[in-house]
1. Kindly list, by first and then second residue, each pair from a residue in the stretch 220-238 that is under 20 Å from W83 (Cα atoms) to a residue that is in a loop (DSSP other than H, G, I, E, B) and charged (D, E, K, R), limited to pairs with Cβ atoms under 9 Å and residues at least 6 apart or on different chains.
2. Mind listing whichever residues of the stretch 112-130 are modelled with pLDDT of 95 or more, open to solvent by less than 10 Å² (accessible area, probe 1.4 Å) and either aliphatic (A, V, I, L, M) or in contact with a Cys (Cβ under 7 Å, 6 or more places away or on another chain) (or both)?
3. Considering each of A46, A37, A30 in turn, give the residue that is buried (at least 20 other Cβ atoms within 10 Å of the Cβ) and either among the basic types (K, R) or part of a strand (DSSP E or B) (or both).
4. Could you grab me the full set of residues in the stretch 252-286 that are part of a helix (DSSP H, G or I), touching a helix residue (DSSP H, G or I) at 6+ places or on another chain (Cβ under 8 Å) and open to solvent by 50 Å² or more (accessible area, probe 1.4 Å)?
5. Can you tell me which residue within the stretch 89-105, out of those that are without any contact (Cβ under 8 Å) to a residue 24 or more places away in the chain and not in a strand (DSSP E or B), is surrounded by the most Cβ atoms within 10 Å (Cβ to Cβ)?
6. For the stretch 201-226, what are the residues that are part of a loop (DSSP other than H, G, I, E, B) and either open to solvent by less than 50 Å² (accessible area, probe 1.4 Å) or more than 16 Å from the ligand (Cβ to nearest atom) (or both)?
7. If only one of I110, I74 is more than 15 Å from the ligand (Cβ to nearest atom), among the β-branched types (V, I, T) and not in a strand (DSSP E or B), which one is it?
8. Residue check, P223 against (1) out of contact with any His (no Cβ under 8 Å at 6 or more places or on another chain); (2) of a type outside the set (V, I, T); (3) modelled with pLDDT under 95, all met but one. Which one?
Amino acid sequence: MGKLVIVGTMAFDAIETPFGKTDKILGGAATFIGLAASHFKIDTAAVSVVGGDFPQEYLNLLSKRNINLDGVEIVKEGKTFFWSGRYHNDMNSRDTLVTELNTLADFNPIVPKDYRDASVVMLGNLHPIVQSSVLDQMTKKPDLVILDTMNFWMDTALNDLHNVIKRVDVITINDEEARQLTGEYSLVIAARKIQEMGPQYVVIKKGEHGALLFNDDNVFYAPALPLEEVFDPTGAGDTFAGGFAGYIARTNDTSFENMKNAIIYGSTLASFCVEKFGTERMVNLSGDEVHKRLLEFKQLTQFEIELG
Ligand code: AMP
């Protein structure tokens with residue numbers, strides 16, 4: 001069983017979906033990744049920054065899940081990163097209304113000493129220079145480095161993003177972002193171009209249409225579980241990444257075959273995330289519920305066909 005380091009935002013989010021609207025609630029990439037990864041009961045540390053306005057109860061929520069928070073800097077006089085978004089009617093696309101970096105603007109991440117030899121590093125969506133700086137601090141080459149990013153960093157720090165992309169093994173990115181990064185409409189060609197940028201493995205997330213894993217000529221596709229209730233997709237991508245990273249750290253196996261299972265775990269956890277606003281569904285999610293849904297997933301995708 002490996003050790004996992006997560007870096008990403010801890011945030012206040014204000015979200016609008018066709019089903020309702022929230023004031024500032026708990027969000028952030030590291031939060032969602034941590035909640036998902038905690039299901040694998042591995043030694044995990046989060047590296048992030050918050051302001052003095054970040055409630056202690058939010059931090060407690062993560063430490064109760066055995067996530068080490070020594071690498072979470074609290075800037076007492078600063079304000080926490082704030083993001084606000086509005087989803088379109090199809091819930092697959094959204095507009096960012098506000099991104100206030102606040103304490104994130106000067107964030108200098110410090111990986112706790114005991115975690116600098118972690119086997120898996122999950123670089124959540126953050127400034128690419130911050131993501132690189134986490135890799136610089138590792139004393140041993142991790143077995144797997146996974147990077148998640150978004151259009152915001154392509155628009156504002158593309159060169160830095162290319163520099164960090166070169167250093168990672170797996171990139172998780174959504175379909176529109178893969179197209180933006182490569183200028184290619186075909187996701188197959190986009191995935192190939194991204195592999196040429198560095199990562200051997202490319203995961204393209206397609207929201208309610210599932211996720212694709214590419215590695216050389218190998219492709220694997222996992223659908224998203226068809227759900228009765230989709231309330232708020234915020235954090236689904238991070239939850240997926242947390243499930244993926246957690247499963248790899250738990251199993252210590254970075255083969256393509258094992259990554260398929262990691263994708264299924266990621267998709268399963270993400271299917272819960274969207275059922276309620278923000279982190280609400282994830283904070284109370286039990287192992288039994290996850291197990292049950294994994295079985296549903298298996299049924300959904302299994303078939304027997306006689307091929308002559
Ligand atoms: P997802 O829906 O998985 O893309 O992740 C949504 C989360 O990402 C929200 O909780 C936001 O706080 C966080 N987020 C939004 N924009 C950024 C950004 N530019 N950098 C880092 N995190 C962000």
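The values are calculated or read from the model by the stated rules, or taken from the named source; none is laboratory data. Quantities reported herein were computed from a predicted structural model and do not represent experimental measurements. Because the Cβ atoms are built from the backbone with ideal geometry, glycine has one as well, and the counts that use them run over all protein chains shown. We work out accessible area using only protein heavy atoms, side chains counted, and drop any ligands, DNA or RNA first. Shrake-Rupley method; radii C 1.70, N 1.55, O 1.52, S 1.80 Å.
1. Hits for this filter: F231/E275; F231/K276; D232/E275; D232/K276.
2. Hits for the stretch 112-130 are A118, V120, V121, M122, L123.
3. Among A46, A37, A30, only A46 is buried (at least 20 other Cβ atoms within 10 Å of the Cβ) and either among the basic types (K, R) or part of a strand (DSSP E or B) (or both).
4. If the condition is that a residue be part of a helix (DSSP H, G or I), touching a helix residue (DSSP H, G or I) at 6+ places or on another chain (Cβ under 8 Å) and open to solvent by 50 Å² or more (accessible area, probe 1.4 Å), then N261, Y265 are the ones that fit.
5. Only one residue tops the list, namely L101.
6. Passing the criteria: G210, D216, D217, P223, A224, L225, P226.
7. The match here is I110.
8. Of the numbered conditions (1) out of contact with any His (no Cβ under 8 Å at 6 or more places or on another chain); (2) of a type outside the set (V, I, T); (3) modelled with pLDDT under 95, the odd one out for P223 is (1).
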